[in-house]
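Chemist: Take a look at the following structure, please.
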Amino acid sequence: MFVNKDEQRKNRSIKLLKEIGINNCLDIPDIDVSNMCIRSKEDISKRAISCLFCIQASLENRKDYQFYINKLKKFNVDESVLMDYEKEVFSGEISDDKLKLVAWKYEAYWVLCWVLGFFTELRAPKEVCNFDRAIDFTFYCDNFEDFINKVNLVDTDKILDEFDFISRLYNECLNGKSNNEVCNSILRDIVAERYMALKWILYPDANWYIIE
């Protein structure tokens, strides 16, 4: 269980929201901390690795995916491929629309890597992540053990702070009264991917498919 710091966390999030131009944010629902319990670094690592390999396979334009299938097996993360359309990547029969969905998973993978401690600052969701750097986190590892030995989980309070902010921003982009110019500058797709990844990390019963 986590120490309840709702009010402090809420004030931080509101300050950040106002800094990016969202002022009508006092009535955005608070996050529920009662059922939170962060997933293990092993589970988060497996999801991150499988996520990246699916993304990279999706960029092969329905060519030979065997390289990434072998990668999944080598790292022992094939069971961490959670989405149906991620599995379709390796069939060669995935639609263009679903391929785009897989490509956006870079942003979810980026958040997973932040939580795993591969970099320290998660910037405002105004621009896409550093793809080359994101790939290197995994591709410079020989196997799962090599990867997880480099993991240093971010402090739980920092994860909760980020989830509180992203949850409020996600609600605002989805249902809020702010003008479209502000929400579009934030890049709604990045917000959605960050929200999905963080919620999956913090709620052990959460299903990645249902969140999405």
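Chemist: So the check is Cβ under 8 Å with 6+ separation or different chains; which pairs have a first residue in the stretch 108-128 that's on the phi < 0 side of the Ramachandran plot and a second one that's in a loop (DSSP other than H, G, I, E, B) and of a type in the set (Gly, Ala, Ser)?
Modeler: none
Chemist: Considering every residue within the stretch 103-120, establish whether at least one is surrounded by fewer than 12 Cβ atoms within 10 Å (Cβ to Cβ) and of a type in the set (Asp, Glu).
Modeler: Checked against the condition, which is being surrounded by fewer than 12 Cβ atoms within 10 Å (Cβ to Cβ) and of a type in the set (Asp, Glu), the stretch 103-120 yields no hits at all.
Chemist: How about the stretch 97-138: which of its residues are at pLDDT below 95, in a loop (DSSP other than H, G, I, E, B) and small (Gly, Ala, Ser)?
Modeler: ALA124, the sole residue that qualifies.
Chemist: While we're here: Which residue is surrounded by the fewest Cβ atoms within 10 Å (Cβ to Cβ), if the candidates are limited to the stretch 121-145 and must be within 17 Å of PHE163 (Cβ to Cβ) and hydrophobic (A, V, I, L, M, F, W, C)?
Modeler: In this case the residue turns out to be ALA124.
Chemist: Can you name the residue in the stretch 146-159 that is under 12 Å from TRP114 (Cα atoms) and open to solvent by less than 30 Å² (accessible area, probe 1.4 Å) and is also nearest to the chain's Cα centre (by Cα) among such residues?
Modeler: Within the stretch 146-159, the match that is nearest to the chain's Cα centre (by Cα) is ILE159.
Chemist: Further question: Before we move on, is VAL191 modelled with pLDDT of 85 or more, part of a helix (DSSP H, G or I), in contact with a Phe, Trp or Tyr (Cβ under 6 Å, 6 or more places away or on another chain) and crowded, with 21+ Cβ neighbours inside 10 Å?
Modeler: Judged against the criteria, VAL191 is a match.
Chemist: Right, next: Would you kindly identify the helices (runs of 4 or more DSSP H) lying entirely within the stretch 41-94 that contain at least 2 residues that are at pLDDT 80 or above and open to solvent by 10 Å² or more (accessible area, probe 1.4 Å)?
Modeler: Where helices (runs of 4 or more DSSP H) fall fully within the stretch 41-94 and carry at least 2 residues being at pLDDT 80 or above and open to solvent by 10 Å² or more (accessible area, probe 1.4 Å), they are 41-58, 66-74.
The values are calculated or read from the model by the stated rules, or taken from the named source; none is laboratory data. What you are looking at is a predicted structure, and each value in this text was computed from that prediction instead of being measured. Glycine gets a Cβ as well: all are built from the backbone with ideal geometry, and neighbour counts include every protein chain shown. Remember, those area values only see protein heavy atoms, side chains included, never the ligands or the DNA or RNA. Shrake-Rupley method; radii C 1.70, N 1.55, O 1.52, S 1.80 Å.
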